[in-house]
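What follows draws every value from the coordinates through simple rules; no lab data is involved. Keep in mind it's a predicted model, so treat the numbers as computed, not measured. Positions of Cβ are backbone-derived with ideal geometry, glycine not excepted, and every protein chain shown enters the neighbour counts.
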Amino acid sequence: MWTCERWPCVKGRCQSGCWSRDGSRLLFSVEGESVIYALTFTATPGFSSSSSVSGPQAATVVADLSETTFSTQDGDIIVGGEIQCLAWDPKGERLAVLLKGDPQAADRPAMIAVFKTRTSPVFELLPCGFVQGEPGAEPRLIQFHPNFQHGALLTVCWSSGKITHVPFYFLSADVPHFGLNGSPALPRPQERPADFTNQSLFSEMLS
């Protein structure tokens, strides 16, 4: 049964939101803000998860994407700021965040920030990289393909009218990666959880 709850501590309207694959966690952003909030929903003991779910008492800030300056070959650019859209891939391993940027400033482009995510045994966000279009093209809409078998496939609609598909191949998918000459590339080292411990943007505490 649907219920209605309000969180008056959050200022402004909800700008964008996305659910985890198991429906236990909602990530959302608020209009005019640069942070990602999370609401965690847990099943009531003694009941099935579909019949009784308790709502969260508060929204938790899991990422602050305030403006940060990066040095590039073409000069400094400022990335971050207001969040326009969130998209979480169906496998729960990649989160794409569309950052609004400033169309009037060349050094503040709209950009897509990508994070590695995991929800078990705890929820974690790990910075992964950025997706940027051709010069002058800004991302308008983002969405993950619901049935990509080899990882996550992000579809991006650009202000230029173009649509691109950005694949993220997971090591667990056992996809062969080929070099420039068509031969299989050398095996890549396995990513160990310990490698990301110090890079985690957010890590949920076990109770």
### Task
Starting from the eigenvalues of the Cα gyration tensor, five times each then square-rooted, give me the equivalent ellipsoid semi-axes of region 65-174, largest first, whole Å.
25, 16, 12
### Message
Sort 106-119, 152-165 by the packing proxy (mean of other Cβ within 10 Å over each peptide's residues), most packed first.
### Response
106-119, 152-165
### Message
Along the Cα→Cβ direction, 7 angstrom out, place labels at Ala106 and Thr68. What is the inter-label distance in nm?
### Response
2.5 nm
## Note on the structure
Filtered hits (lysines, Cα-Cα < 23 Å from Lys162, offset >= 8 within chain) -> Lys100
### Message
Can you give me the distance in nm between label points at Val166 and Arg13, each placed 7 Å from the Cα along the Cα-to-Cβ direction?
### Response
2.7 nm
